[in-house]
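The values are calculated or read from the model by the stated rules, or taken from the named source; none is laboratory data. Note that this is a predicted model, so its numbers are computed, not measured. Quick reminder, even Gly has a Cβ in these numbers, built from the backbone with ideal geometry, and neighbours come from all protein chains shown. The area values use the complete protein model at the heavy-atom level, side chains included, leaving out ligands, DNA and RNA. Shrake-Rupley method; radii C 1.70, N 1.55, O 1.52, S 1.80 Å.
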Amino acid sequence: MLWLVLGVALAWSSPALSQGVYSDDWSEVCRLGSAASLGCDAVRERQIQDATQVPWRAVGRVNFAGRDQRSHCTGTLVAERLVLTAAHCLFNTARNRWIPPASIRFAAGYQRGEAVAVSGVSGYRLPPGQGPTTFNRRADLDWALLELTEPFGQQIAPVPLAKTAAPSSYLVGYPGVRPHVLSRTPSCPPTRAEQGILVAICPVMMGDSGAPLLVDGPEGPQVAAVLSRVAATAQGVTALFVSSDLVGPQGN
C-alpha cells in the first residue's frame, strides 16, 4: 500500500483479488530518497490542475502532524462535512494505533502552501471490519470518512460518489514528488474488478494514497473509487482502488 503515516513509503505487491487480501512482499514505486525510479517520469508528467477552481477544490491534502514528523495523503469532500480517503493513512504503524482525529487536518483546494478552506477533524468512520486498535489489511476495508469540524457548505461543492468506473477514469492527487500541486493522471481504466476492488495501470505514488478515481458524469466528476495500494509490475505501476460501492452511508 502507499503507507504515508509517519512518512513511511512502501508499496504492496500484487493482490490476491479472490480473497480481498495482499501478500506481505514489498516493492518500491518512485520512492523518495532511494534509487527506485519506476513510474517517476510518468508522475512528473501528470497535468497540473488549478486546485482553487471547481471541481478540483473539493480535493485536498489530508495532513498528519506528529511530534517528530509530518506526512500527507489525498482526500475528497464527498458530503458537506465528510472527506473520503484511505483507512491506512490514519493508522500509526510505529505505535500500532489509529491517529487521533485532533492530529489531522484537511486542506481543501491546497496549492503551493495555501488552501481554499482548512478544517480540523472531529472523528472518522471506518468499515466495520477495522478493529479499534488494529488495522485490517483487507483491501475492501481500506477506506475512511473523515468528519470535519467545520462544514464547508456552499463554499466547496462536494463530489458525489459514482456507481461504476468507466474507460475515461482518471486520478487527481498530491504525489510525493510534487506534493504542493494537484495533478491529474491520463486515463486509468480499470483492467480488472472483483469484489469491489479495481485494478488499473496508473502513474501514482505515495502522497496519492486516498486519492479519488474520477469519472465524468453529466454534472461533473464523480468518485468511482479511492486509491489504496500500488505495486511494481511488469506492465508498469499497478494501482488498486476500493470501489465507491463499498463506502458506507454518508449523510451530512
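At a glance:
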item: For segment 184-252: Kirkwood Rh in Å [reciprocal of mean 1/r, alpha carbons]; result: 12.6 Å
item: Accessible area of residue 247 in the full protein assembly, 1.4 Å probe (Å², nearest 10); result: 20 Å²
item: Solvent exposure, largest accessible area first (probe 1.4 Å, DNA, RNA and ligands not counted), of 216, 142; result: 216, 142
item: Cα→Cβ-extended label distance, 7 Å offset, between residue 47 and residue 157, nm; result: 1.9 nm
item: Heavy atoms of residue 40: accessible area, 1.4 Å probe, square angstrom to 10; result: 10 Å²
item: Over segment 175-241, relative contact order from alpha-carbon pairs under 8 Å, at least 6 apart, %; result: 29 percent
item: Kirkwood-Stokes translational diffusion coefficient of segment 105-228, alpha-carbon pairs, 4 °C, 1.567 mPa s, µm²/s; result: 82 µm²/s
item: Label-zone membership for segment 98-113, site residue 92, 7 angstrom Cα→C-beta point, backbone N under 17 Å; result: 98-105
item: Convex hull per residue volume in Å³, alpha carbons only, for segment 64-163; result: 109 Å³
item: Ranked order, 37, 103 - accessible area, probe 1.4 Å, largest first; result: 37, 103
